[in-house]
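Please read the structure below before turning to the comments.
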Amino acid sequence: MFDLGNFANKDMNDCAIALRNMDANARSMEEVAERMVRYLYENLIDPQTNESACALVRFFRTYPYRQLNEELQESAREILGGRSIALGTKCLTLLATAGDEPHWNLRRESSGHRAIPLVDKDFIERAPMISQLIQQFGLEITAVLEPDPELLVDLYQTNFNVFYVPDALGSAHIPAQKDFVIPYGIKSVVGFGGMLPSGNLFAIILFSKVPISRSTADLFKWVSSYARIATATFDKRAVFANALGTTAASA
């Protein structure tokens, strides 16, 4: 277990290696993602309480609208007030979740975050956390919406920066202040991830109940490179564990 408030280089190495091996005997990316969020939730600890330092840990991956099942497509349409969505639209799709509340441990119980349609640049810029995550990763929004095939190898090999909000309370980049940040005592938020060979983005987001320093946040830049190796195992294979997620096996 690791003290998230005093995360050190050795912790970074041990955590990175653990995530790297999460694909062992897995059958889908969803299974890998579930292992990762559960591991992070259970092993990033606040030593003062001996409980998880994170109220919530989530794993997202962009996925084409056409390859989501009807239930997830409906979730995406609800966000747009029932508007139709172009089949090729990338959706920021929740693959796995772990947290303090029982319903935070099942992605199907998520409200409003199961499949977020990234319809265009204007939509993303109006979603403060998503736009900041992409920008702080060091990516252009267009690289997420329509990645250039000629740049995919370079993007996959790039170690991206982290998404970091040191003070979640009152931050314009973290929504649901009254319903989430305040009641659950969210102090800091860190997101890490990167681009997969398919041109889809994955991101793991930690909503921490303890303050996270910039030096600690930066260590997750290296954790993400190991997590990406395990995640990429299923990038063009089985993404969802079963038909409750997708109409196709690969993106």
Practice item. Would you please name the residue that is surrounded by the fewest Cβ atoms within 10 Å (Cβ to Cβ), looking only at residues in the stretch 48-99 that are touching a Cys at 6+ places or on another chain (Cβ under 7 Å) and hydrophobic (A, V, I, L, M, F, W, C)? Key: Ala76
Exercise for review: Name every residue in the stretch 31-47 that is crowded, with 21+ Cβ neighbours inside 10 Å and either at pLDDT below 95 or among the polar types (S, T, N, Q) (or both), in order of residue number.
Suggested key: none
Exercise for review: Quickly run through the stretch 5-28 and pick out the residues that are under 19 Å from the mean Cα position of the chain (by Cα) and closer than 13 Å to Ala217 by Cβ.
Suggested key: Met12
Point to revise | Condition broken by Met36, with the remaining ones in (1) touching a residue at least 24 places away in the same chain (Cβ under 8 Å); (2) in contact with an Asp or Glu (Cβ under 8 Å, 6 or more places away or on another chain); (3) part of a helix (DSSP H, G or I) satisfied | key: (2)
Study note, to complete from the structure: Ser111 fails exactly one of (1) over 12 Å from the mean Cα position of the chain (by Cα); (2) within 16 Å of Ala176 (Cβ to Cβ); (3) surrounded by 14 or more Cβ atoms within 10 Å (Cβ to Cβ), namely (3)
Exercise for review: Would you confirm whether any residue within the stretch 228-248 is exposed (fewer than 15 other Cβ atoms within 10 Å of the Cβ), modelled with pLDDT under 95, under 17 Å from the mean Cα position of the chain (by Cα) and part of a loop (DSSP other than H, G, I, E, B)?
Suggested key: no
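Only one of Gln177, Gln157, Gln132, Gln136 is at pLDDT below 85, out of contact with any helix residue (DSSP H, G or I) (no Cβ under 9 Å at 6 or more places or on another chain) and either surrounded by 14 or more Cβ atoms within 10 Å (Cβ to Cβ) or within 19 Å of Arg61 (Cβ to Cβ) (or both). Can you tell me which?
After ruling out the rest, the residue left standing is Gln157.
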Check your understanding: Which of the residues that make up the stretch 193-227 are within 17 Å of Ala18 (Cα to Cα), polar (S, T, N, Q) and buried (at least 22 other Cβ atoms within 10 Å of the Cβ)?
Key -> Ser224
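Collect the residues in the stretch 196-215 that are under 24 Å from Asp11 (Cα atoms) and touching a helix residue (DSSP H, G or I) at 6+ places or on another chain (Cβ under 7 Å), keeping them in residue-number order.
Selection gives Phe202, Ala203, Ile204, Leu206, Ser208, Val210, Pro211, Ile212.
Would you check which residues across the stretch 21-33 are of a type outside the set (S, T, N, Q), outside any helix (DSSP H, G or I) and touching a residue at least 40 places away in the same chain (Cβ under 8 Å) and list them?
Met22, Asp23, Ala26, Arg27
The values are calculated or read from the model by the stated rules, or taken from the named source; none is laboratory data. Small disclaimer: the values here were computed from a predicted structure and weren't measured. Note that each Cβ is placed from the backbone with ideal geometry, even for glycine, and that neighbours are counted across all protein chains shown.
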